[in-house]
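To keep things clear, I will list the structure first and then write my remarks on it.
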Amino acid sequence: MGSEYSPLGKPVVKSGAALQASGEAVFVDDIPSPPNCLHGAYVYSEKPLARITSMKLRQELELDGVKGIISSKDILNGGVNLGAKIIFGSEPLFAEEIAQCVGDCLAFVVADTQKLAEFAANSAFVEYSIENLEPPILSVEDAVKKS
């Protein structure tokens with residue numbers, strides 16, 4: 001192999017390796033939070049292909065430092081529910097009406113501490129309905145029948 005492909009095939013030391021190995025590297029989790037900082041955690045769907053009929057926090061959580069819950073309904077007119085643009089199109093940040101899969105992002109909880117935000121996100125009360133939704137296509141044969 002000529003030098004035009006260098007350093008392909010040769011070991012190269014990562015630029016931050018010495019700092020990381022010595023313990024001197026500063027990571028985001030090592031930086032203290034500023035005063036009055038809020039923390040957040042996502043609420044994920046527990047059901048696939050289900051209509052989201054309601055979503056709320058238990059009332060006792062609101063008194064305990066949870067500031068609120070943000071979902072697709074909170075995006076202002078003219079705003080875009082955009083989580084990522086990928087090669088196959090765009091993906092929404094929050095499920096809007098129907099949770100497509102288990103783990104689909106439904107909302108974001110904001111609280112005084114990270115532990116509280118995570119607890120609230122896991123304790124959020126979400127109601128689902130599967131009425132009037134078609135069953136998922138799970139085989140090639142079903143896909144051909146449905147075109």
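The values are calculated or read from the model by the stated rules, or taken from the named source; none is laboratory data. Since this is a predicted model, take the numbers as computed values, not measurements. Cβ sites come from the backbone with ideal geometry, for glycine too, and all protein chains shown count toward neighbours. Please note that ligands, DNA and RNA were not included when accessible areas were found on the heavy atoms of the full protein model with its side chains. Shrake-Rupley method; radii C 1.70, N 1.55, O 1.52, S 1.80 Å.
Structure data summary
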| read-out | value |
| --- | --- |
| Matching residues in the range 77-118 - criterion: being open to solvent by less than 50 Å² (accessible area, probe 1.4 Å), without any contact (Cβ under 8 Å) to a residue 40 or more places away in the chain and within 20 Å of residue 49 (Cβ to Cβ) | 81, 83, 89, 94 |
| Extreme residue, most open to solvent (accessible area, probe 1.4 Å), among residues of the range 55-76 that are at pLDDT 90 or above and in a helix (DSSP H, G or I) | 73 |
| Tally of residues being in contact with a Lys or Arg (Cβ under 7 Å, 6 or more places away or on another chain) and surrounded by 16 or more Cβ atoms within 10 Å (Cβ to Cβ) across the range 119-130 | 1 |
| Qualifying residue in the range 39-52 (condition: over 19 Å from the mean Cα position of the chain (by Cα) and either at positive phi or not aliphatic (A, V, I, L, M) (or both)) | no |
| Residue match in the range 17-38 (condition: within 23 Å of residue 69 (Cβ to Cβ), touching a helix residue (DSSP H, G or I) at 6+ places or on another chain (Cβ under 8 Å) and either of a type in the set (Ser, Thr, Tyr) or in a strand (DSSP E or B) (or both)) | no |
| Test for residue 46: is it closer than 24 Å to residue 100 by Cα and exposed (fewer than 15 other Cβ atoms within 10 Å of the Cβ) | yes |
| Which listed residue is open to solvent by 100 Å² or more (accessible area, probe 1.4 Å), of a type in the set (A, V, I, L, M), part of a loop (DSSP other than H, G, I, E, B) and modelled with pLDDT under 90, from 138, 133 | 138 |
| Odd one out for residue 24, checked against (1) acidic (Asp, Glu); (2) open to solvent by 100 Å² or more (accessible area, probe 1.4 Å); (3) under 29 Å from the mean Cα position of the chain (by Cα) | (3) |
